[in-house]
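**Q** Encoded as structure tokens, here's the structure I'll be asking about.
Read the figures in this text as sums done on the coordinates, not as results from a lab. Small disclaimer: the values here were computed from a predicted structure and weren't measured. All Cβ positions, glycine included, derive from the backbone under ideal geometry; neighbour counts span all protein chains shown.
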């Protein structure tokens, strides 16, 4: 989702700042603070943004962050990458599509609702559903839906590593938030990716 289909980092930064404010802190979380953490599990983000906090305090903060994010849903303005909405429509006519993310529970539903794309996806898994790492949830999607030749599309080295752990070919999109040298295929735009898979 993040860095592959859209850029909603500005909304996340505001949500973290407002979450801290709800707990009485004046810390400002910037886009740059969040950018390097995209795709990470919540615990890793918390350990980076509020190091030294107890697990209980981190849990209270994360609840406040999610609450703040939910409050922003009606007014947020994420950048949906060029070609994504049309491309997903085109891909869905030929391939079953699935979403996988390290986001909180409900994060992918929020994405689908905002972009009006829920009808295009067969299933989804997010970290907040079971607190398991991405490679574990990727395997769950594969087993549950009996997928025979899946690929995982992502934008970071972490995505690449998680794909390898699940023994799934990794497709890297260069326009996202990260870099990697380990991929099966690489594309510089979502439209380029769509055209490749519809013509091969």
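**Q** Within 10 Å of each residue's Cβ, count the other Cβ atoms and sort 93, 31 from fewest upward. Don't skip to the end; give the middle numbers.
**A** Values: 93 8, 31 12.
The most exposed by this proxy come first: 93, 31.
**Q** Okay, next question. Averaging sequence separations of C-alpha pairs under 8 Å and six or more residues apart, then dividing by the length of the range 6-72, give the relative contact order as a whole percent.
**A** Details: 55 pairs, mean separation 31.8, N = 67.
Contact order relative to length: 47 percent.
**Q** Something else: For the range 80-198, just the Cα set please: Rg and Dmax, both in angstrom.
**A** My reading of the Cα-based Rg and Dmax gives 13.5, 35 Å.
**Q** How far, in nm, would the chain grow between residue 198 and residue 21 when pulled straight, counting 0.36 nm per residue and subtracting the alpha carbon separation?
**A** Values: separation 177, 0.36 × 177 = 63.72 nm, distance 4.74 nm.
Result for the pair: 59.0 nm of gain on full extension.
**Q** What residue among 160, 118, 15 shows peak mean-square fluctuation when the chain is described by a Gaussian network model with Cα springs under 10 Å?
**A** Looking only at 160, 118, 15, the largest GNM fluctuation is found for 118.
**Q** Let me ask something else about it. Indicate, rounded to the nearest 5 percent, the antiparallel portion of the DSSP beta bridges found entirely in the chain. List each step's numbers first, then the result.
**A** Values: 2 of 14 bridges.
In the chain, approximately 15 percent of DSSP beta bridges are antiparallel ones.
**Q** Select from 95, 25, 183 the residue whose mean-square fluctuation is largest in a Gaussian network model of the chain (Cα-Cα springs shorter than 10 Å).
**A** Sorting by GNM fluctuation, first place goes to 25.
**Q** Pairs of Cα atoms under 8 Å, at least six residues apart: use those to get the relative contact order of the chain, whole percent.
**A** 21 percent
**Q** Under 1.5 on a/c is rounded, so check that first for the range 6-72, then, if it is not, pick prolate when a/b is larger than b/c and oblate when it is not; a ≥ b ≥ c are the square roots of the alpha carbon gyration tensor eigenvalues.
**A** oblate
**Q** Then there's this: Relative to the longest principal Cα axis of the chain, at what angle does helix 9-22 sit, 0 to 90 degrees, rounded to 10?
**A** Tilt of helix 9-22: around 30 degrees.
**Q** Using the count of nearby Cβ atoms within 10 Å as a rough guide to exposure, how do 75, 153 rank from fewest to most?
**A** On the way: 75 7, 153 21.
The fewest-first ordering by Cβ neighbours comes to 75, 153.
**Q** Also: Using only Cα atoms, locate the centre of the range 55-71 and the centre of the range 1-30, then give the distance between them in Å, rounded to an integer.
**A** Rounded to whole Å, the Cα centres lie 11 Å apart.
**Q** May I ask you to compute the full-extension gain from residue 181 to residue 55, defined as 0.36 nm times their residue separation minus their alpha-carbon distance, rounded to one decimal in nm? Write out the running numbers ahead of the final one.
**A** Numbers: separation 126, 0.36 × 126 = 45.36 nm, distance 3.44 nm.
Residue separation times 0.36 nm, minus the Cα-Cα distance, leaves 41.9 nm.
**Q** What ranking do 142, 34 get, fewest neighbouring Cβ atoms within 10 angstrom at the top? Intermediate values should be presented prior to the final figure.
**A** Working: 142 17, 34 24.
Final ranking by Cβ density, sparse to dense: 142, 34.
**Q** Taking the 0 to 90 degree range and rounding to the nearest ten, how far is the long axis of helix 55-72 tilted relative to the main principal axis of the chain, both from C-alpha atoms?
**A** 70 degrees
**Q** Right, here's the next one. Would you mind computing, in nm to one decimal, how far apart the modelled labels at residue 161 and residue 72 are, each placed 7 Å from Cα along Cα→Cβ?
**A** Rounded to a tenth, the inter-label distance reads 2.7 nm.
**Q** For the chain, set up a Gaussian network in which alpha carbons nearer than 10 Å are linked by springs, and say which option among 126, 41, 21 fluctuates the most.
**A** Maximum fluctuation in the GNM of the chain, among the listed residues, is at 21.
**Q** With a ≥ b ≥ c the root eigenvalues of the C-alpha gyration tensor of the range 41-91, is it rounded (a/c under 1.5), prolate (a/b larger than b/c) or oblate?
**A** On the way: a/c = 3.70, a/b = 2.21, b/c = 1.67.
Prolate shape, in that a/c is at least 1.5 and a/b is the bigger ratio.
**Q** How many angstrom separate the Cα center of the range 172-200 from the Cα center of the range 95-150?
**A** After rounding, the separation between the Cα centres reads 19 Å.
**Q** Please state the shape class of the range 115-160: rounded when a/c is under 1.5, otherwise prolate if a/b exceeds b/c and oblate if not, all from the C-alpha gyration tensor. Working shown, then result.
**A** Working: a/c = 1.25, a/b = 1.17, b/c = 1.07.
Taking the square roots of the gyration eigenvalues as a ≥ b ≥ c, the range 115-160 is rounded.
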